[in-house]
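Visitor: Handing you this structure, nothing more for now.
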Amino acid sequence: MAATQTNMQSLIRVCTAGFLAWLVPGAGHILLRHRTRGWILLITITLTFWSGVALGGPQDTVDPHKRLPWFMAQICTGSHGLIAYAWGEYLRAAPDAAQRANPSFASVDAAVVYTGIAGLLNLLVILDALSRADQPAPAPTPPTGQPARGSP
């Protein structure tokens with residue numbers, strides 16, 4: 001009975017870490033107490049994704065109708081991909097959408113690559129969070145300047 005409960009807790013931990021890692025890049029690692037790694041991943045993937053969106057604009061960069069394989073990579077960034085997609089759909093439906101100047105073709109291509117790479121990088125982050133969630137949690141480290149327990 002205790003083994004079943006432990007297995008269920010482990011499964012919940014793995015699923016939660018995986019979902020959080022997809023929803024917000026790095027959040028799975030933060031949940032698993034790998035805070036520095038989680039923050040580095042969060043900042044890196046977020047900056048890479050939104051730099052791409054800034055370069056090409058959301059209506060041209062995150063578009064499943066024109067670039068489905070790239071969209072599948074972009075959606076791996078979770079909330080970032082969903083927000084950029086919704087923003088792009090909103091801009092496409094706006095009444096003045098036809099009057100808006102489109103960015104150059106080259107900048108849109110670079111933007112799609114940036115956002116796609118961010119998504120594929122987060123896919124690796126999700127897999128890493130899943131593997132780390134299946135291991136025991138790391139022991140908390142004592143604050144700086146405090147002697148560890150058992151130290152004189």
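Visitor: What dipole magnitude, in Debye to the nearest 20, does the stretch 8-133 give about its Cα centre under +1 on Lys/Arg Cβ and -1 on Asp/Glu Cβ? All intermediate terms of the calculation are to be shown ahead of the outcome.
Guide: On the way: 9 positive and 6 negative charges, 100 e Å.
Taking the Cα centre of the stretch 8-133 as origin, the dipole is about 480 debye.
Visitor: Rounded to whole Å and sorted largest first, what semi-axes of the equivalent ellipsoid does the C-alpha gyration tensor of the stretch 8-133 yield via the square root of 5 times each eigenvalue?
Guide: 31, 13, 11
Visitor: Also, I was wondering about something else. If I model a spin label at THR4 and ALA94 as a point 7 Å from the Cα along the Cα→Cβ vector, what separation in nanometres do I get?
Guide: 5.7 nm
Visitor: Using Cβ contacts closer than 10 Å as the measure, can you line up TYR85, TYR90, TYR114 from fewest to most?
Guide: Values: TYR85 19, TYR90 12, TYR114 22.
Lowest to highest Cβ neighbour count: TYR90, TYR85, TYR114.
Visitor: Continuing with this model, one more query. Each residue of the stretch 35-49 in order: what ³J(HN,Hα) in whole Hz does its phi give by Karplus 6.51 cos²θ - 1.76 cosθ + 1.60, θ = phi - 60°, with x for Gly and Pro?
Guide: In residue order, the calculated couplings are 5, 4, 4, x, 5, 4, 5, 4, 5, 4, 5, 4, 5, 5, 5 Hz.
Visitor: Summing +1 for each Lys or Arg and -1 for each Asp or Glu, what net charge is found among the other residues whose Cβ lies under 12 Å from the Cβ of ASP134?
Guide: Values: positive: ARG13, ARG132; negative: ASP128.
Net charge in that neighbourhood comes out at +1.
Visitor: How high is the relative contact order of the stretch 8-133, in percent, with contacts defined as C-alpha pairs under 8 Å that are six or more residues apart?
Guide: On the way: 188 pairs, mean separation 48.4, N = 126.
Computed over the stretch 8-133, the figure is 38 percent.
Only the coordinates and a few stated rules stand behind these numbers; no lab work does. Just so you know, these numbers come straight off a predicted model, no measurement behind them. For neighbour counting, all protein chains shown are included, and Cβ atoms are generated from backbone atoms with ideal geometry for every residue, glycine included.
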